[in-house]
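The values are calculated or read from the model by the stated rules, or taken from the named source; none is laboratory data. Predicted model only: the values in this text are computed from it and were never measured. Cβ sites come from the backbone with ideal geometry, for glycine too, and all protein chains shown count toward neighbours.
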Amino acid sequence: MSTPTPGTAGTVPLNAPYYGAPFGVAFARFWQKYATFSGRASRSEYWWWYLVGFVVNNVFSLLALALGGYGLQLDQTYAAPSAGAVVVFVIWGLWALATIVPGFALLARRLHDGGHSAGWIFILLVPFVGAIVVLVMVLQGPSPDGIRFDV
């Protein structure tokens with residue numbers, strides 16, 4: 001499979017997968033293709049964003065824990081979350097809402113690059129097995145069959 005040629009600015013056009021995308025470019029492309037479910041995304045585009053999401057969610061979780069947001073006390077009783085933790089939970093929820101659509105769009109494009117339909121996302125509704133099936137699919141390299149998803 002041939003790698004798309006860079007555009008006039010020396011970058012790969014947004015309508016083509018960027019194989020070997022560096023971190024900053026993958027992050028920018030995630031937001032630039034916010035709700036684009038057509039086309040393809042390379043493994044590097046997908047996994048760099050997955051790393052960002054993992055780190056950001058863990059930072060929110062640690063902040064909430066540090067601010068007493070989970071309510072579990074040392075004596076195994078529960079208490080209401082602190083005001084700071086509530087603020088963290090609200091910001092975390094806004095982050096989740098802002099990234100859910102582009103996250104699914106990126107997953108759809110990643111599945112396309114492997115030659116799979118985006119309909120395979122629905123297998124995530126099957127507990128445990130669905131996640132394993134999708135994981136195997138996103139780990140696969142690009143497939144010539146994926147070209148049919150280009151617009």
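Scanning the stretch 12-55 for residues that are surrounded by 14 or more Cβ atoms within 10 Å (Cβ to Cβ), among the β-branched types (Val, Ile, Thr) and over 16 Å from Val151 (Cβ atoms) yields Val25, Val52. Residues considered: Ala118, Ala85. Of these, the only one that is over 24 Å from Pro17 (Cβ atoms), among the small types (Gly, Ala, Ser) and out of contact with any Pro (no Cβ under 9 Å at 6 or more places or on another chain) is Ala85.
Filtering the stretch 94-138 down to residues that are touching a residue at least 40 places away in the same chain (Cβ under 8 Å) and among the hydrophobic types (A, V, I, L, M, F, W, C), which residue is farthest from Ser38 (Cα to Cα)? Result: Val138.
Taking the stated definitions as given, is Leu139 exposed (fewer than 14 other Cβ atoms within 10 Å of the Cβ) and more than 16 Å from Pro17 (Cα to Cα)? No, not satisfied.
Suppose we keep only residues that are part of a helix (DSSP H, G or I) and either among the polar types (S, T, N, Q) or at pLDDT below 95 (or both) within the stretch 30-44. Which one would you say is nearest to Ala105 (Cα to Cα)? Checking each candidate, the answer is Gln32. Take Gly141 and decide whether it is assigned to a loop (DSSP other than H, G, I, E, B), more than 14 Å from the chain's Cα centre (by Cα) and touching a residue at least 40 places away in the same chain (Cβ under 8 Å). In short, yes.
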